[in-house]
Each structure stands twice: as structure tokens, then as C-alpha cells.
Amino acid sequence: MDKNYEIFIEQLTNGIHGTIGIPMENMEFARKGENFAEMGDRLLVKIMEHDDAWETCGLYTEDLFEAYQKGYTLKEILGEILGDIQRFRKAGVYDKTKKLQNYDAAKTQLFVRLVNRDRYAVDLNDTIRKDVGDIALVVYVRISAEENCVTSTKVREAMLNYWRKDHPELNTNDIFDEAIANTYRMMPPRIYKWEEMIFNREYTGDSFMESCDEDVISKDAMGNCLSTTIKTNGAVAVFLPGVAEHLAELLNSDFYMVFTSIHEVMIHNAKKVDPEDLKSVLTDTIRETVPEEDYLTSRIYKYNRRTHKFECVTD
């Protein structure tokens, strides 16, 4: 660990203890890849203790250190953290999570998010999910949605055990089907045209699922940008019910998928492009423009309209 980074984490921990009053023993640093730190280094701060659990706030220390290096003072950073902790306490996450132990209350809050299966293999080990190549379609449950901030958690096998107390017949396929259907309702798929995105600030994408008009999407080599109405984590759109089938119908062709991030996927007519060329472009895109936390896969996938299956076509 870089010495300056190490000193910063020590100062941060001491500052949280001194400014906010969190006991030192209630803070633990976790390196990227360890439990509760799959996306990056985190300082795990235990906020409130309950009879059966702790409420813990995870601070991404690399982001905070970067802000510190850019000129933010430790006092300013601690002020932001205090605000985050106060909002966390007000959110009532523990009480809301307890309610989700009832499947009838939880099922409408299930949704699917895409994660790289290999990069986060340890954290995904006991989750409810389906895999397509190196892409994991992971079931999450939404705990709260306040001030444009969604709090959610992966659905793990332990939660399934709670749900089976009232629904003994419940299985992972039932849960996944409920989640993927909810995802469609929460954030319907949209095609985004480049010229509209560049020149029209009010542009919210084009609905295409109700259309049989083949002109709604481009059949040329440039492809189509597919996401959802909210865009965040929008690459899941291609896996939503009926979407791939309808895209293939509109294109009158199989199609390739280029996941430029977790937020969108480029759809290309398989008759117009070569997957190796697409992979070369994707490699450059990931290297030059995609933040690490938004990365999904370096592979090119294909939807086969005859078999209705997704296939990985590059290494």
C-alpha cells in the first residue's frame, strides 16, 4: 500500500473517531476483493447495533484519497462523511431490511443487475443469479429509494431460506423470473440515437418494443445503443423479457452485443459486422473511456434468433 494512502486512511479513521464519535473498534479497512469490498477499498464503519445485526456504512477510500490529493481538506471530507452517515441513519435501512424477510413484501422490490462473473466470483458465490458467459445476471432487492439514491443488496441464499418459511415451494427460478419482470417495469428498454443524444438535451430515448416498424432501429454497421429509461445499469435491457427476440425481428437477423459498460450495450446487425472488429473497438473503448467500476466484459456476444440463445463468440 502506498505510504501516503496508508497515512490518509489512518487520519481518516482517527478523524471519524474524533469528529463523529465512532469507536475505533467499530471501523475496519477492507482491501478490494475482500468481503464487503468487491468494488474497491472500503472503510467499513459500524453505525448502529441491533440485537441480530450491525448497520454498516462502507466508505470507498480510494475515491476519498483522490479527492484529498486534488485539494479537498480532511475537514471537508469528514463533513461529507458525516452527512452520509446522518442520511444513512435516517434511511432506516435495518427496519426496511427486516420487512424484506417476508417474500410477499420483498418480491415487488426485486430487480436484476449485470456484474462481471469472474472479477467478483467470491462475492457472487452465494447469490441468486444466472450466468451468460462471463456476465452474471444478479438478483438484487431494493431496500429504499430516496433523493434519487437507491439502496439495494444482492439476494443471497440465506434470504431465500427466510422466504421459504411462508413459501416452501419457492425456488431460485421463481425469484429470478420475478426480478427480471420487475426490472422491465422499473426501467423499460430504450434505443438511444447518437445524433439525438448529442444535440437534444431533452432526449429520453426511443421506445421500440411496441413497434413493428423496422426503421425504428439502424441496420447498418454503426449499430444501436440500447439502454433503459434511467440509463444507470441499463445494459441489462437486452436480457429483459422479449427484448432480444424483438430486436432480432426488427433487424431480420441475429445480432452482436458489445457491452461498452454496465450502463449500455451496442446492438449490431450480424450481417454487417465482424465480431473480431467489434472486439478491437471494444478493447480500445474500455481502455480509453470506461471507468473500472463500470466495466462489464471484454467479450463479444451474439443473440441467435433461431435458438433464442445468447452465445459468447470471442475469447
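Computed values, structure above
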{"quantity": "Accessible-area value, E214, 1.4 Å probe, nucleic acids and ligands omitted, Å²", "calculated": "80"}
{"quantity": "Residue range of the chain that is longest and free of trypsin sites (Lys or Arg not before Pro) which are both DSSP loop and sparsely packed (at most 11 other C-beta within 10 Å)", "calculated": "202-305"}
{"quantity": "Length added when fully stretched, K130-T283, from 0.36 nm per residue minus Cα-Cα", "calculated": "52.6 nm"}
{"quantity": "Kyte-Doolittle mean at least -1.0, axial Cα span of 18 Å or more - DSSP H helices of the chain", "calculated": "3-20, 74-91, 172-186, 275-289"}
{"quantity": "Average Cα contact separation per residue, the range 1-76, under 8 Å, 6 or more apart, as relative contact order %", "calculated": "20"}
{"quantity": "Dimensionless Rg ratio for the range 220-315, taking C-alpha atoms and the 2.2 N^0.38 Å reference", "calculated": "1.00"}
{"quantity": "Amide proton proximity set for S152, modelled H, under 5 Å, gap of 5+", "calculated": "I143"}
{"quantity": "For the chain, built as a Gaussian network whose Cα springs stay under 10 Å, the top-fluctuating residue of E62, E157, E49", "calculated": "E49"}
{"quantity": "Label selected from (1) -0.28, -0.69, -1.36; (2) -0.26, -0.68, -1.56; (3) -0.34, -0.81, -1.37, the criterion being log10 I(q)/I(0) by the Debye sum over Cα atoms at q = 0.07, 0.11, 0.16 Å⁻¹ as computed here", "calculated": "(3)"}
{"quantity": "R0 of 35 Å, Cβ-Cβ distance D215-D294: FRET efficiency to nearest 0.05", "calculated": "0.65"}
{"quantity": "Gained length - K75 relative to N200, 0.36 nm times residue gap less alpha-carbon distance", "calculated": "41.0 nm"}
{"quantity": "Inter-part distance where the range 270-298 and the range 130-208 are each reduced to a Cα centre, Å", "calculated": "23"}
{"quantity": "Under 5 Å, built H, 5+ apart or other chain: amide partners of T260", "calculated": "M266"}
{"quantity": "Rg/Rh ratio calculated on Cα atoms of the range 9-58 (Kirkwood radius)", "calculated": "0.99"}
{"quantity": "Per residue convex hull volume, Cα atoms of the range 193-272, in Å³", "calculated": "94"}
{"quantity": "T56 long-range amide H proximity, modeled H, under 5 Å", "calculated": "I47"}
{"quantity": "Protein accessible area in the chain, 1.4 Å probe - carbon and sulfur %", "calculated": "47"}
{"quantity": "Residue among G40, G234, G15 with the largest mean-square fluctuation in a Gaussian network model of the chain, springs linking Cα atoms under 10 Å", "calculated": "G15"}
{"quantity": "Gained length - K90 relative to E62, 0.36 nm times residue gap less alpha-carbon distance", "calculated": "7.5 nm"}
{"quantity": "Only Lys, Arg (+1) and Asp, Glu (-1) charged, at Cβ; the range 182-315 dipole about Cα centre in debye", "calculated": "340"}
{"quantity": "Residue among H268, H246, H17 with the largest mean-square fluctuation in a Gaussian network model of the chain, springs linking Cα atoms under 10 Å", "calculated": "H17"}
{"quantity": "Heavy-atom accessible area per residue - the chain, 1.4 Å, Å²", "calculated": "54"}
{"quantity": "Residue-wise HN-Hα coupling along the range 293-307, computed from phi with Karplus coefficients 6.51, -1.76, 1.60 (Hz; x: Gly, Pro)", "calculated": "6, 9, 5, 10, 7, 9, 9, 9, 10, 10, 9, 9, 6, 6, 8"}
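The values are calculated or read from the model by the stated rules, or taken from the named source; none is laboratory data. What you are looking at is a predicted structure, and each value in this text was computed from that prediction instead of being measured. Cβ coordinates were reconstructed from backbone atoms using ideal geometry, including for glycine residues, and neighbour counts include every protein chain displayed. To get the accessible areas, we keep the full protein, side chains included, count just its heavy atoms, and leave off ligands, DNA and RNA. Shrake-Rupley method; radii C 1.70, N 1.55, O 1.52, S 1.80 Å.
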